[in-house]
Amino acid sequence: MSDRDDARLDQLVELVVELASGRLDRRMDVSPAGDRIDAVVMGLNMMAEELQALNGDLEARVAERTAQLHSAQRQLEQVALYDPLTGLANRSLLGDRIAQAMAHADHGAAPPAVLVVDLDGFKAVNDTFGHGTGDLLLVEVAEVLRRVVHDTDTVARLGGDEFALVVLDGEVERVLEVADRIRSALEHPVLAGGHACWVGASIGVCFSTRGQSADTLLRDADTAMYAAKATAPGTVQIYEPAMHAAALSRVRLAEDLRAALATDQLRVHYQPIVELADRSLAGVEALARWHHPERGPLPPEEFVAVAEATGLVGMLDTWVLDTAVAQLARWRAGVLGDRPFGLHVNISPAGFRSPRFADTVTECLARHGVPAGAVMLEVTETQMMGEDAQTLQSMEALRAAGIGVAIDDFGTGCSSLTYVRRLFVDLIKIDRSLVTGLDTDPHQHGVAAAILAVVDAFGLAAVAEGVETEAQAAVLTGLGCRYGQGWLWGRPQSATHMTRRLRATVAR
Ligand code: C2E
Ligand code: MG
Ligand code: MG
């Protein structure tokens with residue numbers, strides 16, 4: 001072998017070593033000799049070529065599979081961390097983002113603020129236009145919220161019509177400007193599914209403090225939102241520690257009320273309702289009374305509101321209904337006989353929305369042997385406005401059973417005539433605020449006259465509430481109001497006192 005061949009063989013060995021170590025791009029030139037060494041070289045070159053192509057193929061396949069895996073992972077994340085309807089972050093991702101922002105703040109960044117936004121009239125939109133439109137509206141609102149913050153801030157949907165935002169640079173002015181832009185954007189109707197939907201927003205804001213947890217920051221913003229909803233819907237409230245104390249005290253009161261209902265701590269008082277023409281006693285309104293073991297007597301407005309917020313109001317209303325109907329049965333068996341006498345019982349709007357409501361009432365009457373016509377259920381006008389299919393069904397069932405329904409506090413809410421006509425009500429209770437100035441304020445006189453004319457046109461009857469003076473009673477009688485209720489004829493009183501009064505009246 002020549003020296004030249006030796007060198008080529010060395011080169012060949014080197015090529016084999018390099019190929020074996022994975023450097024598949026290496027090749028060796030074929031010599032002009034075209035001898036056996038060249039034959040091996042050509043064979044090796046071809047093999048390397050083929051291996052390189054195979055390798056490239058494999059790499060492309062691996063890259064493709066990796067991309068598929070990443071996309072699946074992204075989809076999983078989307079499901080786990082984002083709200084499917086609006087594409088906003090969900091509660092879980094929001095928690096992470098708040099925690100992250102707080103951690104950055106610990107390292108010198110500006111502390112974040114959290115806003116909780118709750119729509120005010122969403123239920124009415126769902127009830128009126130259907131859930132499809134409701135969903136479209138939520139998507140539109142999500143867009144509004146996205147527009148008012150920076151890309152680095154987070155917008156989340158907590159569920160239902162409740163949203164939250166994390167503003168990273170929680171500087172007071174910027175945060176309040178964000179809140180105000182949301183509020184004013186939602187002051188105008190939002191177009192969803194071809195419908196102009198009016199929904200306001202109640203907004204709670206909480207600025208973070210050092211060492212606070214993500215959970216408490218969100219909870220406090222939520223508490224502020226509830227404070228806004230309770231005091232002035234459609235406004236922005238900044239969290240104050242007193243709100244937490246108030247929320248806590250409401251929770252405690254709800255617990256106490258539950259115990260009070262279970263241990264018969266509540267009482268029912270009865271206030272006379274008179275026929276204005278001859279001042280005869282036409283019936284009574286049953287009003288719940290609670291003497292709290294530590295706080296003393298509590299105004300029903302306070303504990304009814306707590307009961308409504310905590311879902312206890314159904315229990316409260318049924319307890320009052322049962323107690324009052326039992327009392328009416330005793331009066332009928334003793335002092336009243338079959339004399340016409342109406343028992344009015346207040347029912348929260350939530351009661352009418354519960355599917356078994358009409359049955360509960362009729363069963364109660366049957367149990368105590370009281371005829372349906374002797375009972376009138378009062379429901380407040382304002383809260384019934386967003387009435388739904390279930391409420392209407394309850395009303396129809398009650399009406400079919402012969403049980404009366406009255407609209408309470410008429411004139412304080414969005415008194416709507418179609419509403420009065422469409423709903424199956426028998427009686428209107430004119431709110432005390434419209435009765436107070438009757439004898440002194442000519443405007444008040446005009447409003448009362450108009451309401452009574454409407455009541456008459458629909459063939460309904462009216463009770464004027466809160467009548468305190470003879471002058472008011474005289475004006476109401478003159479305007480054709482049929483019934484009156486108020487201190488003029490007696491304050492709400494215990495069953496024992498009422499029994500005495502009934503005896504005296506009936507004996508006369
Ligand atoms: P309401 O149904 O409109 O009851 C009339 C309220 O006006 C009663 O207040 C009564 O004491 C008061 N009132 C009656 N006459 C006069 C008057 O001449 N002058 C003045 N200033 N006030 C008068 P009360 O008992 O404090 O009840 C407040 C509200 O709490 C009730 O308003 C009713 O909405 C609610 N409520 C009471 N008991 C129940 C209940 O068992 N269930 C439900 N859901 N709500 C109840
Ligand atoms: Mg009432
Ligand atoms: Mg009333």
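All of the numbers you see were taken from the coordinates with simple rules; none came from a lab. The structure presented is a predicted model; accordingly, all values stated were derived computationally and were not measured. Don't worry about glycine lacking a Cβ; one is built from the backbone with ideal geometry, like all the others, and counts go over all protein chains shown.
On a full-extension model of 0.36 nm per residue, what is the gain between SER2 and MET46, subtracting their alpha-carbon distance, rounded to one decimal in nm? Mind showing how you got there, number by number?
Numbers: separation 44, 0.36 × 44 = 15.84 nm, distance 2.61 nm.
That pair, SER2 and MET46, stretches by 13.2 nm at full extension.
Okay, helix-only estimate at 222 nm for the chain: each DSSP H run of n ≥ 4 adds -39500 (n - 2.57), divide by all residues, round to 500 deg cm²/dmol; what do you get?
Details: 19 runs with 272 residues, N = 508.
Per the formula, -17500 deg cm²/dmol.
Report Rg/Rh for segment 171-247, rounded to two decimals, where Rg is the Cα radius of gyration and Rh the Kirkwood radius.
On the way: Rg = 14.2 Å, Rh = 13.4 Å.
Rounded to two decimals, Rg/Rh equals 1.05.
Alpha carbon centre of segment 433-508 versus segment 16-30: separation in Å?
108
Quick one: net charge around VAL361, please, counting Lys, Arg +1 and Asp, Glu -1 for every other residue with C-beta under 12 Å from its C-beta.
Details: positive: ARG356, ARG367, ARG399; negative: ASP317, ASP322, ASP359, GLU363.
In short, -1.
Counting DSSP beta bridges with both partners in the chain, what percentage is antiparallel, nearest 5? Let's see the in-between values first.
Values: 38 of 64 bridges.
The antiparallel fraction comes to roughly 60 percent.
For helix 313-331, report the angle its Cα long axis makes with the longest principal axis of the Cα atoms of the chain; keep it between 0 and 90° and round to the nearest 10°.
20
Let me know the volume per residue of the alpha-carbon convex hull for segment 3-75, in Å³.
Details: hull volume 5.1 nm³, N = 73.
Taking only Cα atoms, segment 3-75 has a hull volume of 70 Å³ per residue.
Return, for the Cα atoms of segment 91-239, the radius of gyration and Dmax in Å, separated by a comma.
Gyration radius and largest Cα-Cα distance of segment 91-239: 15.0, 50 Å.
Return the FRET efficiency for the residue pair VAL139, LEU69: r is the Cβ-Cβ distance, R0 is 25 Å, and the value is rounded to the nearest 0.05.
It comes to 0.25.
How big, in percent, is the set of alpha carbon pairs in the chain lying more than 28 Å apart?
On the way: 87390 of 128778 pairs.
That tail contains 68 percent of the Cα-Cα pairs.
Quick check: residue separation of HIS443 and GLU177 times 0.36 nm, minus the Cα distance between them. What number comes out in nm? All intermediate terms of the calculation are to be shown ahead of the outcome.
Details: separation 266, 0.36 × 266 = 95.76 nm, distance 4.06 nm.
Roughly 91.7 nm would be gained on extension.
Find how much the distance from SER92 to GLU187 grows on full extension, using 0.36 nm per residue of separation minus their present alpha carbon separation; answer in nm with one decimal.
Full extension from SER92 to GLU187 adds 31.3 nm.
Taking 2.2 N^0.38 Å as the expected size of a compact globular protein, what ratio does the Cα radius of gyration of segment 217-335 give against it, to two decimals?
Working: Rg = 18.7 Å, N = 119, 2.2 N^0.38 = 13.5 Å.
In units of the globular-protein estimate, segment 217-335 measures up at 1.38.
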